[in-house]
Amino acid sequence: MAGVELLPREYGYVVLVLVFYSLLNFWMATQVGKARKRYKVFYPTMYATEAENKDAKLFNCVQRGHQNSLEMMPMFFMLMILGGLRHPLICASLGVVYSVARFFYFKGYATGDPQKRLSIGKYAFLATFGLMICTMSCGLHILIA
């Protein structure tokens, strides 16, 4: 396991935060499944239409909260994995902020009022910016070293 020895010991926190976010994503997916049953939006329909379902907006807000988290996940994972090579504790901390903010983003969106996603959810964008800085620092360090 020579590769693991090349990583800083604190990189384990980065790994744990990624697992935590994966569990959060799984929880969001189950919430969409519950909303499908509650609002009677069956597969393969991705979004409900108001012409066919009086609860379309409520379902679509739950679906959209999860979908947006899925859209952002590859960038979040990439920034955590790469930025964490050089700054594991900072990235793990920012990853926790991101994950908690994403939870509140989803909960706010799922109310049916999309504006509520930003009350605490907006801090996910701040955490993402911090992760970008850490990842740029990692890239520059590799180029300069």
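The values are calculated or read from the model by the stated rules, or taken from the named source; none is laboratory data. On a predicted model such as this, the values are computed, not experimentally measured, just so you know. Positions of Cβ are generated from backbone atoms using ideal geometry, with glycine treated the same way; all protein chains shown enter the neighbour counts.
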Does at least one position in segment 3-10 carry a residue that is more than 30 Å from Leu143 (Cα to Cα), in contact (Cβ under 8 Å) with a residue 60 or more places away in the chain and in contact with a helix residue (DSSP H, G or I) (Cβ under 8 Å, 6 or more places away or on another chain)?
no
Any chance Glu10 is among the acidic types (Asp, Glu), under 25 Å from Ala124 (Cα atoms), surrounded by fewer than 14 Cβ atoms within 10 Å (Cβ to Cβ) and modelled with pLDDT of 95 or more
no
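Considering only residues of segment 27-47 that are of a type in the set (Phe, Trp, Tyr) and part of a helix (DSSP H, G or I), which is farthest from Lys57 (Cα to Cα)?
Trp27
Within segment 89-109, is even one residue part of a helix (DSSP H, G or I), more than 18 Å from the chain's Cα centre (by Cα), under 18 Å from Phe20 (Cα atoms) and at pLDDT 95 or above?
yes
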With surrounded by 13 or more Cβ atoms within 10 Å (Cβ to Cβ) and either of a type in the set (S, T, N, Q) or touching a Cys at 6+ places or on another chain (Cβ under 6 Å) (or both) as the only criterion, which of Thr45, Thr49, Thr30 stands out?
Thr45
Restrict the check to segment 54-70 and report whether at least one residue is among the aliphatic types (A, V, I, L, M), assigned to a helix (DSSP H, G or I) and loosely packed, with under 13 Cβ neighbours inside 10 Å.
yes
In segment 109-140, how many are crowded, with 20+ Cβ neighbours inside 10 Å and either within 13 Å of Arg64 (Cα to Cα) or in contact (Cβ under 8 Å) with a residue 60 or more places away in the chain (or both)?
3
Residue count, segment 110-145, condition more than 30 Å from Phe59 (Cα to Cα) and either among the acidic types (Asp, Glu) or in a loop (DSSP other than H, G, I, E, B) (or both), comes to 1
